[in-house]
Amino acid sequence: MKTPTITIAGAGLVGPLLAISLRQRGFPVVLYERRADMRRVQVSDGRSINLAVSARGIYALQQAGVWSELRDIAIPMRGRLMHLLTGELIFQPYGQEESEVINSVSRAALNIALLDAAEAAGVAIHFEQRCLGCARADDGIVVRLRDEQSGKETAIAAEVVIGADGSSSAVRGEMSRSPEFRLSEERLEYGYKELTIPAGQGGSHRMETRALHIWPRGSYMLIALPNVDGTYGCILFLPFEGERGFAALDSESRVVEFFRANFPDALALMPNLAENYFANPTGAMVTVRCFPWHQEGNILLLGDAAHAIVPFFGQGINCGFEDCTCFLELLDAARTSGAESIDWQKLFTDFESSRKPNTEAIADLALENFVEMRDRVADPHFLFKKKVDLALEARFPGLYVPKYAMVAFHRIPYAVAQQRGRIQDRLLDELCAGMNRLEDIDWSKAAMLVHRDLTQLGKR
Ligand SMILES: Cc1cc2nc3c(=O)[nH]c(=O)nc-3n(C[C@H](O)[C@H](O)[C@H](O)COP(=O)(O)OP(=O)(O)OC[C@H]3O[C@@H](n4cnc5c(N)ncnc54)[C@H](O)[C@@H]3O)c2cc1C
């Protein structure tokens, strides 16, 4: 079977993972990345230092053979540890089995492991080559590139192009010129800033390690994820404007005062807060929805380029890696179909139609989870409902599975998780109305509702 060269724009996370898997299937692959090689030069893009990687991401990394080396640098987080203003700590587990954890993984280490594995698999990676766009020509596709050192522009011929160039994708930019292309880029009025809690003596951790820390404060929040070197990567989420927004924190004293009033225990662990705060950029968060994801059988968008989401469910990269799983399953079916060559247009269309409802669902779930994280996790009735949520799962295994678990610990389609989650939310509201103790729950009513409204969930 003919194996055309696949040209990929973007060597972030999705691009190299797909490249490795395509090489394993015998396709020549060339990657173009606008940044310098992060293994040789310190590159900071101002985005989260670490990422929460869960079932969907791990599965894709396992399929490509790169999870085993990353496992050693992943810190399992068993739940959320809420830091209340009173100093009280409340732990809320994500699941009930030992294996139900999400993993804090260094973004840089993940990127480097993927770049190394891609090169070892025979992928040609060209750094400091910015893709300016690509368009169909009579005999294939022309990709326009700019050398980021010299500024020199070139055009190369390509057969199949994958745009894995992130949320501001240049490949998508060129596709969007077509009149039938639909694009929505919805920016949150909130921004984020990365901060760091330094390690203690001898590289020790100064807070609980097996948890994602949250300081929920109603309309804003701080979170922290542990790193293997004893540090914590923190992200401060605030509105851009207003009294409690980034615009108001315009001096060292205002930043320190804001932390003293809102996150006093975190401030005690951040001796370089103000310096750290002003050294890092304030990032924006966007939900990208576009259609179509491909141009005939020539160009396809994948990962954030097709569907960037806000980070509040910790699913962006898990979703991007699951794109690869889904794409490769369809590619494998096409390769073993007995046809002489792959019908790329059919492959891209099938991929888009099977994947789009799921990326729409996780985009919505991620937006909803922002309200839950910054506001509701500190509410006693919400925490009680979370207990009932887990108790229902224990009583009705496979039938009632909490929404968080369906998204983070299962690989069922996101759209199914969203739909079942809505039914379960209604059911929980009905069972928990006016209650605050597990003993008071009417379990026979619960059994009736669960059996009436839910069907057995398929395997993980
Ligand atoms: C604050 C924050 C926290 C997050 N936390 C999590 C989390 O905990 N869990 C999770 O699953 N997801 C998380 N995400 C989302 C996750 O970072 C993204 O979903 C993921 O990085 C997308 O991978 P990608 O490869 O599609 O895009 P990217 O990682 O953005 O990679 C795109 C690559 O393309 C390159 N590039 C861009 N333009 C061009 C061009 N024109 N030519 C050539 N190269 C180009 C870029 O330099 C980059 O290397 C978070 C995001 C943010 C902002």
Looking at segment 301-342 only, could you name the residues that are away from the ligand (no atom under 16 Å from the Cβ) and either under 16 Å from LEU22 (Cα atoms) or β-branched (Val, Ile, Thr) (or both)?
GLU329, LEU330, LEU331, ASP332, ALA333, ALA334, ARG335, THR336, SER341, ILE342
Residues that are more than 17 Å from GLY191 (Cβ to Cβ) and within 27 Å of the chain's Cα centre (by Cα): does segment 271-284 have at least one?
yes
Failed item in (1) surrounded by fewer than 20 Cβ atoms within 10 Å (Cβ to Cβ); (2) under 16 Å from ALA408 (Cα atoms); (3) under 22 Å from the mean Cα position of the chain (by Cα), with LEU61 passing the rest:
(1)
Regarding segment 134-155, can at least one residue be identified that is within 13 Å of the ligand (Cβ to nearest atom) and under 26 Å from the mean Cα position of the chain (by Cα)?
no
Quick check on my filter: what residues within segment 70-96 are closer than 22 Å to TYR404 by Cα, among the polar types (S, T, N, Q) and modelled with pLDDT of 90 or more?
GLN92
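Would you be able to say whether some residue in segment 203-212 is in a loop (DSSP other than H, G, I, E, B) and of a type in the set (Gly, Ala, Ser)?
yes
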Please verify whether ALA224 is at pLDDT 95 or above, among the small types (Gly, Ala, Ser), surrounded by 14 or more Cβ atoms within 10 Å (Cβ to Cβ) and touching a Cys at 6+ places or on another chain (Cβ under 8 Å), treating the condition exactly as stated.
yes
Of the candidates LEU331, LEU390, LEU367, the one satisfying the condition of being closer than 20 Å to VAL101 by Cβ and either at pLDDT 95 or above or assigned to a helix (DSSP H, G or I) (or both) is LEU390
Mind listing whichever residues of segment 170-209 are touching a helix residue (DSSP H, G or I) at 6+ places or on another chain (Cβ under 7 Å) and outside the structural domain of ASN280 (by TED's automatic domain parsing)?
VAL171, ARG172, PHE181
Take segment 64-82 and flag every residue that is over 26 Å from ARG39 (Cα atoms) and either surrounded by fewer than 16 Cβ atoms within 10 Å (Cβ to Cβ) or in contact with a helix residue (DSSP H, G or I) (Cβ under 6 Å, 6 or more places away or on another chain) (or both).
MET82
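I'd like the full set of residues that are among the hydroxyl-bearing types (Ser, Thr, Tyr), under 21 Å from ALA408 (Cβ atoms) and within 16 Å of the ligand (Cβ to nearest atom), limited to segment 203-239.
Filtering segment 203-239 for residues among the hydroxyl-bearing types (Ser, Thr, Tyr) gives 204, 209, 219-220, 231-232.
Within this subset, residues satisfying the condition of being under 21 Å from ALA408 (Cβ atoms) are 209, 232.
Within segment 203-239, just TYR232 meets the criteria.
The values are calculated or read from the model by the stated rules, or taken from the named source; none is laboratory data. Given the structure is predicted, the values throughout are model-derived calculations rather than measurements. Counting neighbours? That spans all protein chains shown, and the Cβs are built from the backbone with ideal geometry, glycine included.
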